[in-house]
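Comments concern the structure below.
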Amino acid sequence: MMLMCLLVAPVTLRAQNRDYSTKNKRAIERYEAAGVFYMNWRRSYQNEFALKTINELKQSLQIDSNFVEAWALLGDVNMEIRDWKEAIYAYKKTIAIDPGFHPDMYFNLGKVEMADGDYTAAKNYLERFVNLPKAHPPSKHEAEGLLRSCAFAENAIKNPVPFSPVNMGPNINTDNDEYSPTITVDGKKFIYTMRRYDPIYDQNGVKVKERVQEDFYISYWKDGEWSPLRNMGPPINTPDNEGAQCISADGQYIFYTACNKRGGMGSCDIYGARKRGNGWGNPINMGQTVNSPAWESHPCFASDGKTLYYTSTREGGTGKGTSDIWYSVKGDDGIWKGPFNMGPTINTEMNEMFPFLHPDGKTMYFVSDGHPGMGGRDIFITRRDANGEWTTPVNLGYPINTYSDETSFIVSPDGRIAYFASERPGEGQGRIDLYWFPLYEGVRPDPVTFVNGHVFNKKTKAPLGSKFELIDLDSGLPVIESYSSEEDGEFLVSLPANGNYALNVSRDGFLFYSENFSLKDKDGDKPFNMEVPMQPIEPGSYGILKNVFFESGSYTLREESKAELQKLADFLNEHRTMTIELSGHTDNVGQKADNQLLSERRAKAVVDFLVEKGIAVNRLTPKGYGDSKPIDSNDTEEGRARNRRTEYKVLTI
């Protein structure tokens, strides 16, 4: 890092028999003692070493107030501990004593002026730096990016966006730090990280230091408010630190970050656990596809049930030593594939982190200090277009973003409320609290609703854990692949509103189940409930292929039928000795003879499709029943639609 070089350079110069700017040995002794503490701090990041560094430097400067190396290092330390005012003062003193001491003084001063919100002063020093002949090219490149951010920030302040943050109150926030929120798709469970500073006392009862402890807490939406926070407890929380978590849309999986664990792959790894009854199963390391010898954090599990986005400093990213947003995908075999970098549209040479993909599946918010912004880390939005490409990120604007760092940003399932963590002096319960605010229209995601399903054995009524898939009937593409709970057979998923969907559910020993439904004009505040009875495989058992469609009055299969018929082909390939009857049924509109012929041809069309997919024709018996076996009244359009159907019945196993 550049700041490390600024410390090492004076020592190196002295080793080459070049003098410090002071001749006072006592001042030099204090400066070199500060250097030792500084190196210890950089290795351990224990604040006591930073304070000792500053104390030694101040003593050195009391001895010789023109000791330029001491002023420069004092600026570095204060910049790293984010004391902007003190850093600005120290760097200005450095330049006043020796304007040519080191070109990076202008660069650093520009950065801290920007971090302190003085964009005019920041531009002045950054412009002076980029025009210096000895400006280091990588730093010059970064400075040019900061100048673009200064221009953006000045314009953003003149054109503020709507922003009215509200502290989430004492049921959520405490006098500790709260951050990294996540919420289930039904809006009823709110999980976040709390960082406590537990005092440690000596044998005389005197506080000697603090122990940092990070754990997860949960709150429930009940009677119009969030319930008092509750520690999530073991096995998720441990005596070690856990943080930066996400929960799956259905609340069945949690992914989180843990650092320096025994058996870990890097400094910080991502772990996952599955819900077990009212608790959680034992967490497992996500393995080498997700984790690396580098640093991984900030997981976000997409509502498709198979894509995990996260932050990593692993090799192969767009920057060197900086963090990018990556993703891994769980295959049908349950094995994670990847990882895949999100690419240069999202990732820069600087740091991108805290990805949050909204349940609409195409609106992502993330944090970056590489795209033009207000300084520090800002929140951006990008959207996935019809071709699957991510659009150029857009800054959420001022005053959502400020010259301070913004992090931990999520949006409610309905897209109207945003939650974030912020340090807002004089407000709230503690130093860092959680807030909410109404998100303005221009950066809202698409509205989603949620579907609540219950899978059970049709004969015994016992709940079943089963694999399910939801398909967008308009595009024919899978939207979600996941599993219902083994304990109660429940599943909870989010889906974009105003769509038409197909549901396929499967489990060994049962016929696969299919259904189709519409969420058009559906109230997003209430779940769409589905009962899924699974039929055990036995001779005579049958299922309705509810996602097989024909052109009106025709036996030509519509394109959207092929996904379900492929499921049937896969099912028959898994049960290679099974024979089935494929039957066509119609409503009673028209002549019986015509209905009979149409049902026979439709059954034959399904058989032909399956044969094309490699199923032996002697395993398939087409049968047309016309309108002779209605399952609903033919007096209503809804009833007639149910009677127009294709069934499959097990003949032999």
Criterion: of a type outside the set (A, V, I, L, M), farther than 26 Å from residue 153 by Cβ and outside any loop (DSSP other than H, G, I, E, B) - qualifying residue of 55, 108, 124
55
Among the residues of the stretch 228-248, are any modelled with pLDDT of 95 or more, surrounded by 20 or more Cβ atoms within 10 Å (Cβ to Cβ), under 19 Å from the mean Cα position of the chain (by Cα) and closer than 21 Å to residue 357 by Cβ?
no
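Taking the stretch 391-425, which residues are acidic (Asp, Glu), more than 15 Å from residue 357 (Cα to Cα) and open to solvent by less than 70 Å² (accessible area, probe 1.4 Å)? Spell out the reasoning first.
Step one: of the stretch 391-425, the residues acidic (Asp, Glu) are 405-406, 414, 423.
Narrowing the set further to residues that are more than 15 Å from residue 357 (Cα to Cα) leaves 405-406, 423.
405, 406 - these are the residues of the stretch 391-425 that are acidic (Asp, Glu), more than 15 Å from residue 357 (Cα to Cα) and open to solvent by less than 70 Å² (accessible area, probe 1.4 Å).
Here's the yes/no breakdown for (1) surrounded by 18 or more Cβ atoms within 10 Å (Cβ to Cβ); (2) in contact with a strand residue (DSSP E or B) (Cβ under 6 Å, 6 or more places away or on another chain):
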{"site": "344", "(1), (2)": "no, no"}
{"site": "351", "(1), (2)": "yes, no"}
{"site": "355", "(1), (2)": "yes, yes"}
{"site": "361", "(1), (2)": "yes, no"}
With part of a loop (DSSP other than H, G, I, E, B) and more than 30 Å from residue 442 (Cβ to Cβ) as the only criterion, which of 93, 85, 134 stands out?
134
Please indicate, with yes or no, whether at least one residue in the stretch 96-103 is among the aliphatic types (A, V, I, L, M) and either closer than 24 Å to residue 397 by Cβ or open to solvent by less than 30 Å² (accessible area, probe 1.4 Å) (or both).
no
Matching residues, the stretch 475-502, being in a strand (DSSP E or B), open to solvent by less than 40 Å² (accessible area, probe 1.4 Å) and more than 23 Å from residue 388 (Cα to Cα)
491, 492
With respect to residue 508, is the statement that it is outside any loop (DSSP other than H, G, I, E, B), under 27 Å from residue 583 (Cα atoms), modelled with pLDDT of 90 or more and open to solvent by 10 Å² or more (accessible area, probe 1.4 Å) true?
no
Taking residue 579 as the residue in question, decide whether it is touching an Asp or Glu at 6+ places or on another chain (Cβ under 6 Å), open to solvent by less than 80 Å² (accessible area, probe 1.4 Å), over 21 Å from residue 470 (Cα atoms) and of a type outside the set (Phe, Trp, Tyr).
no
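Suppose the filter is β-branched (Val, Ile, Thr) and at pLDDT below 95; does residue 322 pass it?
On the way: β-branched (Val, Ile, Thr): yes; at pLDDT below 95: yes.
Yes: the conditions hold for residue 322.
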Selection from the stretch 49-95 of residues within 14 Å of residue 35 (Cα to Cα) and open to solvent by 50 Å² or more (accessible area, probe 1.4 Å) yields 51, 52, 55, 58, 59
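Report whether or not residue 269 is in contact with a strand residue (DSSP E or B) (Cβ under 7 Å, 6 or more places away or on another chain), of a type in the set (D, E, K, R), open to solvent by less than 20 Å² (accessible area, probe 1.4 Å) and in contact (Cβ under 8 Å) with a residue 12 or more places away in the chain. Explain how you work it out, then say what you get.
Numbers: in contact with a strand residue (DSSP E or B) (Cβ under 7 Å, 6 or more places away or on another chain): yes; of a type in the set (D, E, K, R): yes; open to solvent by less than 20 Å² (accessible area, probe 1.4 Å): yes; in contact (Cβ under 8 Å) with a residue 12 or more places away in the chain: yes.
Yes; evaluated as a whole, the condition is true for this residue.
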Can you find a residue in the stretch 601-618 that is at pLDDT 95 or above, in contact with a Gly (Cβ under 7 Å, 6 or more places away or on another chain) and either within 24 Å of residue 508 (Cα to Cα) or buried (at least 21 other Cβ atoms within 10 Å of the Cβ) (or both)?
yes
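Within the stretch 564-594, which residues are touching a residue at least 60 places away in the same chain (Cβ under 8 Å) and in a loop (DSSP other than H, G, I, E, B)?
Step one: filter the stretch 564-594 for residues touching a residue at least 60 places away in the same chain (Cβ under 8 Å), giving 564, 567-568, 571, 575, 577-585.
Those that are touching a residue at least 60 places away in the same chain (Cβ under 8 Å) and in a loop (DSSP other than H, G, I, E, B): 575, 577, 578.
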Identify, by number, the condition in (1) in contact (Cβ under 8 Å) with a residue 60 or more places away in the chain; (2) open to solvent by 60 Å² or more (accessible area, probe 1.4 Å); (3) of a type in the set (Ser, Thr, Tyr) that residue 120 doesn't meet.
(1)
Which members of the stretch 520-537 meet the condition of being loosely packed, with under 15 Cβ neighbours inside 10 Å and at pLDDT below 85?
520, 521, 523, 525, 526
Picked from the stretch 170-219 (must be small (Gly, Ala, Ser) and over 17 Å from residue 409 (Cα atoms)), the residue least open to solvent (accessible area, probe 1.4 Å) is 219
Meets criteria (of a type in the set (D, E, K, R), part of a helix (DSSP H, G or I), farther than 20 Å from residue 402 by Cβ and touching a residue at least 60 places away in the same chain (Cβ under 8 Å)) for residue 69
no
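What residue, of 388, 376, is open to solvent by 10 Å² or more (accessible area, probe 1.4 Å) and in contact with a helix residue (DSSP H, G or I) (Cβ under 9 Å, 6 or more places away or on another chain)? Even if it seems obvious, please write down each step before you answer.
Numbers: 388 fails: in contact with a helix residue (DSSP H, G or I) (Cβ under 9 Å, 6 or more places away or on another chain).
Among 388, 376, only 376 is open to solvent by 10 Å² or more (accessible area, probe 1.4 Å) and in contact with a helix residue (DSSP H, G or I) (Cβ under 9 Å, 6 or more places away or on another chain).
The values are calculated or read from the model by the stated rules, or taken from the named source; none is laboratory data. From a predicted model like this one, the values you see are computed outputs, not experimental measurements. Neighbour counts run over all protein chains shown; Cβ positions are idealised from the backbone, glycine included. Protein only, heavy atoms only, side chains kept; ligands, DNA and RNA dropped before computing areas. Shrake-Rupley method; radii C 1.70, N 1.55, O 1.52, S 1.80 Å.
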